[in-house]
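Following: one structure in structure tokens, then a few remarks.
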Amino acid sequence: MTGGSGDRDSLPGRGPVTTGRRVAQVMAVLPIVAWVVLMIVDRGFLAPLYQSPPEALGLPLGVVILVVTAGWAAIGLAIIQTSRVALIWILAIVVFTVPALLALVLEPAIIVIIRNITT
């Protein structure tokens, strides 16, 4: 179908791609985009993530949690990329993207709380 129906767009070599999938993909990368924006706008907000103690696996705990958060967001994006079912996209956003975004925003506070409890 040509013309701008709004329901479907096409990409060369990929066939039709629904607008819903694009929205899901954008939402899936939000945790990574938020991290980049926070690094540019206010490096001090994420500073507790790179400080020791607390430590896990010989690294600052914030770095370990950040890697897990990025992995969690990547899993959600991979599910959205491979699935053709809108319900799966929604579940991937709810189960993977939203918790990853919340973890990214709450991580510095959690690290500061843990550091204050242990000292």
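Descriptive notes on the structure:
- Of the solvent-accessible surface of segment 37-119, computed with a 1.4 Å probe and all protein chains present, 78% belongs to carbon and sulfur.
- Per residue, the Cα convex hull of segment 53-119 amounts to 69 Å³.
- Summarising the label geometry, the points placed 7 Å from Cα in the beta-carbon direction at residue 56 and residue 91 lie 2.6 nm from one another.
The values are calculated or read from the model by the stated rules, or taken from the named source; none is laboratory data. Please read all numbers here as calculations on a predicted model, not as lab measurements. Reconstructed Cβ throughout: ideal geometry from the backbone, glycine too, with neighbour counts over all protein chains shown. For accessibility, only protein heavy atoms count, side chains too; no ligands or nucleic acids. Shrake-Rupley method; radii C 1.70, N 1.55, O 1.52, S 1.80 Å.
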